[in-house]
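Down below is the structure, laid out as structure tokens.
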Amino acid sequence: MRRSSLVALAFAAVAASPAAGQRLANPLPHWEPTLQSSAPPQAPKTPVLDYRWEGLAVGGAFVGILGGALGNGFCTYDDSAVKRSCLLPTIEGFVVGAVIGGVTGGLLGSAIHKPPPDDPGHP
């Protein structure tokens with residue numbers, strides 16, 4: 001029984017043709033990205049003028065002051081009998097408010113473009 005199965009296995013290995021999954025497939029298309037350094041040099045672009053820094057300053061100051069006032073207000077409403085200084089919660093509220101307001105103001109300010117300085121309608 002063993003000999004007949006070995007003979008059948010040897011015959012199948014020699015006489016069988018490759019199955020469809022064993023054939024080589026067509027090669028995949030080749031794509032190579034172009035790098036910026038390989039592109040020809042271009043003239044430097046003029047920077048787009050916008051209000052990002054103004055938005056950062058106004059948003060950071062306004063929301064920072066609001067956060068400081070809220071931090072101080074929530075500190076004075078503390079139910080504990082111990083009266084502690086409200087300086088740290090006020091500073092924490094200002095810093096958190098300034099970060100949130102500054103990032104939001106900067107993002108909103110970057111969406112608003114300034115007119116060119118040589119525009120006659122610009123003051």
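The values are calculated or read from the model by the stated rules, or taken from the named source; none is laboratory data. In this text, all values refer to a predicted model and were calculated from it rather than measured experimentally. Methodologically, a virtual Cβ is constructed for each residue, glycine included, from the backbone with ideal geometry; neighbour enumeration extends over all protein chains shown. Only protein heavy atoms, including side chains, enter the accessible area calculation; ligands, DNA and RNA are left aside. Shrake-Rupley method; radii C 1.70, N 1.55, O 1.52, S 1.80 Å.
Structure values in brief
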| read-out | value |
| --- | --- |
| Kirkwood Rh in Å, taken over the stretch 48-87 so that all alpha-carbon pairs contribute | 12.3 Å |
| Solvent-accessible area of residue 51 with every protein chain in place, 1.4 Å probe, in Å² to the nearest 10 | 80 Å² |
| With all protein chains modelled, accessible area of residue 87 [1.4 Å, Å²] | 110 Å² |
| Largest-first ordering by accessible area, 1.4 Å probe, given options 84, 52 | 84, 52 |
| Calculated FRET value between residue 69 and residue 111, using beta carbons and R₀ = 30 Å, to 0.05 | 0.60 |
| Nonlocal amide H pairs with residue 50, under 5 Å, H built at 1.01 Å | 114 |
| Net lengthening on full extension, residue 87/residue 25 (0.36 nm per residue, minus Cα-Cα) | 15.1 nm |
| Area accessible to solvent at residue 96, 1.4 Å probe radius, in Å² | 90 Å² |
